[in-house]
Structure formats: structure tokens, C-alpha cells
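Okay, so here's the structure we're looking at.
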């Protein structure tokens, strides 16, 4: 066998081995993947932590809530703020005619950001060979961040007099995925109980994990 023929055989074998080791993750069919939903919802929860007393209307007062913003997820924020106010002793009403105050939640930002870094060979399609080459990642990282920023304006009803505008509520979460040498994966996150593909974790173990702790998941 000539040197050129031997090299061609080695190249072909390497391609087949790399293709066999590559993994694929199909996008979810839902509007938002579970991790994206957790990034948003946990960011909202964290923005409301240690904020009791920031709204200065009398305890036990009846309040109506509305939200303003461009995010499609602001209804989630409205419901979570309603629960937060209820825990502080306020009576949340659906209609303003039954409320003494209107709580307007002004949403500056609510959503996720995605960033990527890659070192390796991207997928290749060629007309010279009858098959495509998969992505060969020596190192690949995907960074997902959940972010929320909003403030609350409080109005006295029925006059509509503004009595308070709170400082901003701000929080963020993250879920990062790293791939090393084609198929070794490492996930790092501060989410409470992120999903893990193809596995099951004991719910009791998940509940025992401390909040806001950085977690690392090593997989294949």
C-alpha cells in the first residue's frame, strides 16, 4: 500500500470515528426550552428576595396590579409580584374599583441572552465527497443568562396620585455548557434544579441542594 493510500485510509477512519462520537441535541418543540423557563422564573424570584418593606403602603391595603413592558413573559412577572405582595399582607384585587392602590410593574427587561464560543472544525458539506463532516469541537461553550429588571410605581386610588416609585429590582441566573474534545461535556449553573437529559435525580436530593450554589455536571 502506498503512503498516499495509507494516509487516505487513516483520514477516512478518523472521520468515521469522529462522526460516531459526535452528539446531537435537537431543539425542543415548545416555545421555550425548560432551561430558558427556569432562567427567567428563578431570576424573578431572586429579584424579590430580601425586599420586604420596600413598598411603603399600609399593611393590609387592597391593591390592583398591572404590568407594562415589551416582554411576552411579563404575565409571569405580574403573577409572581402578586404572590410576593400577598405574602406581605396586602389584599390583591383583580379590579381597581375594589382596590385602594394601583401597583404598576414597569418591566425594563425580562428574558434570556445566549452567547457561544467555538474552537475546532465547523460542519463541512462538500460536493467532492458523498457525505458531510460533522462539527468537530476541540472546545465549545454555550452561555445562557436569564435577566430581569423592573421597578414598581404605586398610585392612590381613586385619585390616581402617585405616592411611590421603588428602586429597580434586578437579578440574573446562568446555565453554561462546555464541550471538550468532541464529546466530554461540563455544565455549570446556579439554577435550583435544572433538567438533565437522559437521567433521573432523586427529588429529595434536589431539595437538599443549597440555593445560589454553583453546580457542575460532568457527562459524556
Among the numbered conditions (1) touching a helix residue (DSSP H, G or I) at 6+ places or on another chain (Cβ under 7 Å); (2) over 23 Å from residue 36 (Cβ atoms); (3) at pLDDT 90 or above, tell me where residue 182 comes up short.
(3)
Return the only residue of 83, 89, 120 being at positive phi, modelled with pLDDT of 90 or more and either touching a strand residue (DSSP E or B) at 6+ places or on another chain (Cβ under 7 Å) or not in a strand (DSSP E or B) (or both).
89
Give just the number: which of (1) surrounded by 15 or more Cβ atoms within 10 Å (Cβ to Cβ); (2) not in a strand (DSSP E or B) does residue 131 not satisfy?
(1)
Condition check: touching a helix residue (DSSP H, G or I) at 6+ places or on another chain (Cβ under 7 Å) and within 27 Å of residue 70 (Cβ to Cβ). Does residue 154 satisfy that?
no
Residues of region 50-77 that turn out to be free of Cβ contacts under 8 Å to residues at least 60 places away in the same chain, within 24 Å of the chain's Cα centre (by Cα), surrounded by fewer than 17 Cβ atoms within 10 Å (Cβ to Cβ) and part of a loop (DSSP other than H, G, I, E, B), as a count
3
Considering region 29-49 alone, what residues qualify as being touching a helix residue (DSSP H, G or I) at 6+ places or on another chain (Cβ under 8 Å) and crowded, with 18+ Cβ neighbours inside 10 Å?
40, 41, 44, 48
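The rows are residues; the columns are (1) under 22 Å from residue 54 (Cα atoms); (2) free of Cβ contacts under 8 Å to residues at least 12 places away in the same chain; (3) surrounded by 13 or more Cβ atoms within 10 Å (Cβ to Cβ).
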position: 84; (1), (2), (3): yes, no, yes
position: 99; (1), (2), (3): yes, no, yes
position: 122; (1), (2), (3): no, no, no
position: 137; (1), (2), (3): no, no, yes
position: 159; (1), (2), (3): no, yes, no
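The values are calculated or read from the model by the stated rules, or taken from the named source; none is laboratory data. Everything quoted here is computed from the prediction, not taken from an experiment. A quick note on method: Cβ atoms are made from the backbone with ideal geometry, for glycine too, and the neighbour counts reach across all protein chains shown.
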